[in-house]
Amino acid sequence: MFARPIYTRLILAFLRVQAVASQTIYNPLFQAFDQTSLALSTNMTRAPVIALSHGGGPLPLLGDPGHKEIVASLRTRVPQLLRLGTPEAPRAIVIVTAHWSERTPAISNGKKHSLLYDYYGFLPESYKLKYDAPGSPEVAEEVAQAMKDEGLQPEMDAERGWDHGVFVPMLLIHPAADIPIVQVSVLSSELPSAHFSMGRALSRLRDSNVAIVGSGFASFHNLRIMFSRVAGEPAFRKRNEEWSHAVSGAVKEKDISAREEALSKWREWPGAYEMHPRGGAEHFLPLVVCAGAGGEGQAKSYTDSFMGLDMYSYYWE
């Protein structure tokens, strides 16, 4: 059950004292108030977790035909999963981005953040993009406390801008930009156990309707291969299918302990270093965080075609 707000607990305490003095006057009031409080607590929305494929740089926003399916999912599927435009829309969104790696978990905690155009050589308009959603120091503190409770040592950062792992997908997912965003880094260590622990910590915020989004490219992120002919070869496509099958098998484990154990060995899977080169796991790691945040129960997935390959996104509702 969710903790009642402090004012609720104070009123209930007052009514209990009064009920002792006068059962006939106050007890019915106490019972009605307590039942209402219980109903509100029980009916609180539990926010979803989504590990999405965010595409290449700003290209999803520039009309690139190769991103057609990714753009369509970001505009339609993801908003539906987040319940945007409904009374159950999240009160905040925590985004774990592949484009921020630190020694310990870093958390954006400013009331407002500029954008970090961390890409190069694109059209001038891609450096004029704006996403004016607010930050939330309060939710950032909730994130930090949850991570401390999990044994992690997070650090706050009120200065770093939101990178394109945040603002590119969010411009498509929620252009209204009226839901607070908290950006969270992955770890430079690439340890799957630490990232899974980050996810377990973030899972606690779901109970108060804070959505968790992992922004990466888990199915394949190897720029050397992307810009070569290899990606179009039938043999590589088959290896990518086998890799995605292994990823899905681990991520969709219903039991969270079994899921953690499977993901702890992801570097041992065939094709792991071809899909994510040594020292370049950052686009896979947001998925590991989300797998920890997903809790018990089986993940679902959808795919978008990109470069002739299926890019998987996973979610827990």
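The values are calculated or read from the model by the stated rules, or taken from the named source; none is laboratory data. Computed from a prediction, not measured in an experiment: that's the story for all the values here. Cβ: placed from backbone, ideal geometry, glycine included. Neighbour counts: every protein chain shown.
Is it the case that some residue within region 240-252 is out of contact with any Ser or Thr (no Cβ under 6 Å at 6 or more places or on another chain), assigned to a loop (DSSP other than H, G, I, E, B), of a type in the set (D, E) and modelled with pLDDT of 95 or more?
Scanning region 240-252 turns up no residue that is out of contact with any Ser or Thr (no Cβ under 6 Å at 6 or more places or on another chain), assigned to a loop (DSSP other than H, G, I, E, B), of a type in the set (D, E) and modelled with pLDDT of 95 or more.
Within region 165-214, track down each residue that is part of a helix (DSSP H, G or I) and polar (S, T, N, Q).
Those that are part of a helix (DSSP H, G or I) and polar (S, T, N, Q): S193, S197, S203.
Mind checking whether some residue in region 298-314 is modelled with pLDDT under 95 and touching a strand residue (DSSP E or B) at 6+ places or on another chain (Cβ under 9 Å)?
no
Can you find a residue that is at pLDDT 95 or above, part of a loop (DSSP other than H, G, I, E, B) and crowded, with 18+ Cβ neighbours inside 10 Å anywhere in region 221-228?
yes
Select, from S313, S264, S248, the only residue that is in contact with a Pro (Cβ under 8 Å, 6 or more places away or on another chain) and either closer than 22 Å to E190 by Cβ or buried (at least 17 other Cβ atoms within 10 Å of the Cβ) (or both).
Testing whether each residue is in contact with a Pro (Cβ under 8 Å, 6 or more places away or on another chain) and either closer than 22 Å to E190 by Cβ or buried (at least 17 other Cβ atoms within 10 Å of the Cβ) (or both) leaves just S264.
So how many residues does region 157-181 have that are more than 20 Å from E88 (Cβ to Cβ) and exposed (fewer than 15 other Cβ atoms within 10 Å of the Cβ)?
Result for region 157-181: 2.
For region 78-125, give me each residue that is in a strand (DSSP E or B) and over 22 Å from Q153 (Cβ atoms).
If the condition is that a residue be in a strand (DSSP E or B) and over 22 Å from Q153 (Cβ atoms), then A92, I93, L115 are the ones that fit.
Could you tell me which residue of region 265-298 is farthest from the chain's Cα centre (by Cα), considering only residues that are charged (D, E, K, R) and in a loop (DSSP other than H, G, I, E, B)?
Selected residue: R278.
Could you tell me which of the residues R224, R206, R200 is more than 18 Å from W100 (Cα to Cα), among the charged types (D, E, K, R) and over 22 Å from the mean Cα position of the chain (by Cα)? Give the steps one after another, and end with the answer.
Values: R206 fails: over 22 Å from the mean Cα position of the chain (by Cα); R200 fails: over 22 Å from the mean Cα position of the chain (by Cα).
Going through R224, R206, R200 in turn, just one is more than 18 Å from W100 (Cα to Cα), among the charged types (D, E, K, R) and over 22 Å from the mean Cα position of the chain (by Cα): R224.
Among the residues of region 279-296, how many are within 15 Å of A98 (Cα to Cα), surrounded by fewer than 18 Cβ atoms within 10 Å (Cβ to Cβ) and out of contact with any His (no Cβ under 8 Å at 6 or more places or on another chain)?
Within region 279-296, residues that are within 15 Å of A98 (Cα to Cα), surrounded by fewer than 18 Cβ atoms within 10 Å (Cβ to Cβ) and out of contact with any His (no Cβ under 8 Å at 6 or more places or on another chain) number 1.
Working carefully through the options L74, L62, L129, find the one that is within 28 Å of A299 (Cα to Cα), modelled with pLDDT of 95 or more and in the same structural domain as S208 (by TED's automatic domain parsing).
L74
Identify, from the list S101, S136, the residue that is crowded, with 18+ Cβ neighbours inside 10 Å and either within 17 Å of the chain's Cα centre (by Cα) or closer than 20 Å to R200 by Cα (or both).
One residue alone meets the criteria, S136.
Among the residues of region 125-133, is any touching a Gly at 6+ places or on another chain (Cβ under 6 Å), surrounded by fewer than 17 Cβ atoms within 10 Å (Cβ to Cβ), farther than 23 Å from V289 by Cα and not polar (S, T, N, Q)?
no
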